[in-house]
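Take a look at the structure set out below.
The values are calculated or read from the model by the stated rules, or taken from the named source; none is laboratory data. Keep in mind that what you see is a predicted model, and the values were worked out from it rather than measured. Cβ atoms come from the backbone with ideal geometry, glycine included; neighbour counts cover every protein chain shown. Protein only, heavy atoms only, side chains kept; ligands, DNA and RNA dropped before computing areas. Shrake-Rupley method; radii C 1.70, N 1.55, O 1.52, S 1.80 Å.
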Amino acid sequence: MRGRLTVLSGPSGVGKGSVIAAVRARHPEVWVSVSVTTRPPRPGEVPGVHYHFVDEQGFARMAAAGELLEWASYAGFSYGTPRGPVEERLAAGRQALLEIELQGARQVRAAMPSARLVFLSPPSWPELERRLAGRCTEDGEAVSRRLARARLELAAVDEFDEVIVNDEIEKAADRLVALLQDTVR
Ligand code: 5GP
């Protein structure tokens, strides 16, 4: 039997990365896809662990060769999910988890209708505003652009199968793992 693909998505600033890090720390058996990106590594990011860092040509070659399950542009860089490792996991009857933004989640929905789409939601709009502003070192205009995009992304919640509210990272991670239980074999 094929395993099931789960996609975690949600607006910028909601804490997808922190929830995935908590899942990884507490449940090493959960397999999380490593994306390719043209974004340069941030301090502390390990190639092959957090991302596969590639240049524009490398990314374009993978996309043209059909090696990406989905891909999208985000804040000036390209991000995509390598198809091979995900297919291998699912063919072996195991779960696979992707942490991607909304456009990618929609492509996965179209390519794999059996995938489960999970939306990570902020506890409230003012809380998301607070988190985004706190994380943004840019000027006020950049914050307001990110907030406008977050508002659009929040409006897509109905396209998802499940909603997890990120009120506390550890609790949200536990809820995500509980959802994955029936796909882990
Ligand atoms: P960051 O640069 O902060 O690591 O990621 C920026 C955004 O890209 C986040 O919303 C993250 O979820 C998303 N992202 C990371 N990897 C992928 C991917 O493979 N595909 C898509 N569509 N989005 C991704």
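Data table
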item: Residue in region 72-84 that is touching a Lys or Arg at 6+ places or on another chain (Cβ under 8 Å), touching a residue at least 40 places away in the same chain (Cβ under 8 Å), within 8 Å of the ligand (Cβ to nearest atom) and more than 13 Å from VAL34 (Cβ to Cβ) present; result: yes
item: Residues satisfying the stated conditions in region 85-108, i.e. of a type in the set (Lys, Arg) and away from the ligand (no atom under 12 Å from the Cβ); result: ARG89, ARG94
item: Region 79-98, residues that are crowded, with 20+ Cβ neighbours inside 10 Å and outside any helix (DSSP H, G or I); result: TYR79, GLY80, THR81, GLN95, ALA96, LEU97, LEU98
item: Residues being over 30 Å from VAL143 (Cα atoms) and in a strand (DSSP E or B) - total across region 60-77; result: 2
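Table: residues versus (1) open to solvent by 50 Å² or more (accessible area, probe 1.4 Å); (2) more than 10 Å from the ligand (Cβ to nearest atom); (3) under 28 Å from GLU168 (Cα atoms); (4) touching a helix residue (DSSP H, G or I) at 6+ places or on another chain (Cβ under 8 Å).
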site	(1), (2), (3), (4)
VAL19	no, yes, yes, yes
HIS27	no, yes, yes, yes
SER35	no, no, yes, no
ARG42	yes, no, yes, no
GLU45	no, no, yes, no
VAL49	yes, yes, yes, no
GLU56	yes, yes, no, no
PHE59	no, yes, no, no
